[in-house]
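The block underneath contains the structure these notes are about, expressed in structure tokens.
The values are calculated or read from the model by the stated rules, or taken from the named source; none is laboratory data. Because the structure is predicted, anything quoted here is derived from the model rather than measured. FYI the Cβ positions are ideal-geometry reconstructions off the backbone, even for glycines, and counts take in every protein chain you see.
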Amino acid sequence: MKFMKTSLTLFFIGLIGIVLLTIISPNIFTMVFGEEWSQAGTYFRLLSPLFIIQFSVYPLSQTLNILEKQEIQLVWNAARTILVFGGILLMGFNDISVYVFVFIYGLIMGVMYMVFWYLCYKNIVNLTFEKSLV
């Protein structure tokens with residue numbers, strides 16, 4: 001299935017690129033933007049799992065539109081928005097470090113992108129199954 005092959009290809013390309021950037025990110029941010037930006041490299045490291053998932057899934061994001069399943073896309077977007085804002089509000093009312101905040105945001109977004117990938121995959125499999133019955 002081309003969807004699966006594309007997903008895996010994107011995942012491994014993203015994995016290689018993001019891992020390399022994660023290793024050098026504090027130095028890159030400091031070198032390009034100055035010493036006051038060195039902490040951004042740490043944030044990049046915390047968000048790197050999200051970036052790998054996002055790199056793998058986002059290019060496939062038009063799948064539901066192509067399959068004319070915009071209602072599923074709408075529900076996913078609404079759920080993602082509610083979870084992100086809810087997470088931000090919950091974290092804002094608690095005394096947590098910025099590192100935990102960034103990590104939890106990345107976790108929420110990463111899980112939501114994995115759910116989105118699953119929704120795309122499931123709808124492609126269902127379409128393939130329906131065509132085989134005809």
Q. Quick check: is even one residue across the range 67-84 among the aliphatic types (A, V, I, L, M) and touching a Gly at 6+ places or on another chain (Cβ under 8 Å)?
A. no
Of the conditions (1) in contact with a Ser or Thr (Cβ under 7 Å, 6 or more places away or on another chain); (2) of a type in the set (S, T, N, Q); (3) over 20 Å from residue 108 (Cα atoms), the single one that residue 39 does not satisfy is (1)
Counting only helices (runs of 4 or more DSSP H) entirely within the range 1-116, those with at least 2 residues that are of a type in the set (S, T, N, Q), at pLDDT below 90 and over 27 Å from residue 127 (Cβ atoms) are 2-33, 38-57
Checked the range 68-107 for anything crowded, with 16+ Cβ neighbours inside 10 Å and within 18 Å of residue 45 (Cβ to Cβ); matches are 101, 102, 103, 104, 105, 106
Check your understanding: Going by the conditions given, is residue 116 closer than 24 Å to residue 42 by Cβ, touching a residue at least 40 places away in the same chain (Cβ under 8 Å) and among the aromatic types (Phe, Trp, Tyr)?
Key -> no
